[in-house]
Amino acid sequence: MFADPQTLTVNSVAQACNRLGTGLDEAAYKTSDGLFGLSIRHRKLAKKRVLHQVQFSQQILAADPMDPTVNALSQMSVTLTCNVPDAGYIPVATQKLLVDAFLVWLAASSGAAVTKLLGGES
């Protein structure tokens, strides 16, 4: 079980997400103001596969682009999904190597890959 709270830093500000609840193979966390959330899930899929997923989300009150005099609550989320064979086929340590390589690629060049992704490049 992950520790309670889970803290993620956004723009140099620590966001402490407290556990709201847990279920079978899942947990949900939110900040006290409800603007940031973290969810962790594990699902067994058909054909002996397992889906491990973590999602971090933020709600922002921002001006409506169609009417700047009106503020609207918008949400964004970032999800990491690992779709792996059921236990025993590929060791967790080997799975972690692939995830580590992916995260390093995303962070390389001061986040240039993420900036290009969010800019719609492929």
Check your understanding: Does at least one position in segment 56-64 carry a residue that is outside the structural domain of Ser32 (by TED's automatic domain parsing), aromatic (Phe, Trp, Tyr) and closer than 25 Å to Gly37 by Cα?
Key -> no
**Study point:** Only one of Leu20, Leu8 that is under 18 Å from Gln59 (Cβ atoms), part of a strand (DSSP E or B) and touching a residue at least 24 places away in the same chain (Cβ under 8 Å)
**Key:** Leu8
Exercise for review: Could you check, for segment 43-66, whether at least one of its residues is in a strand (DSSP E or B) and surrounded by fewer than 11 Cβ atoms within 10 Å (Cβ to Cβ)?
Suggested key: yes
Review point. Right, Leu97: free of Cβ contacts under 8 Å to residues at least 60 places away in the same chain, not small (Gly, Ala, Ser) and not assigned by TED's automatic domain parsing to the domain that holds Thr22 or not?
Key: yes
Point to revise | Residue selected from segment 24-42 under the condition over 21 Å from Ser74 (Cα atoms) and out of contact with any Lys or Arg (no Cβ under 9 Å at 6 or more places or on another chain), by the criterion surrounded by the fewest Cβ atoms within 10 Å (Cβ to Cβ) | key: Leu24
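The values are calculated or read from the model by the stated rules, or taken from the named source; none is laboratory data. Please read these numbers as outputs of a predicted model, since none were measured by experiment. Neighbour counts run over all protein chains shown; Cβ positions are idealised from the backbone, glycine included.
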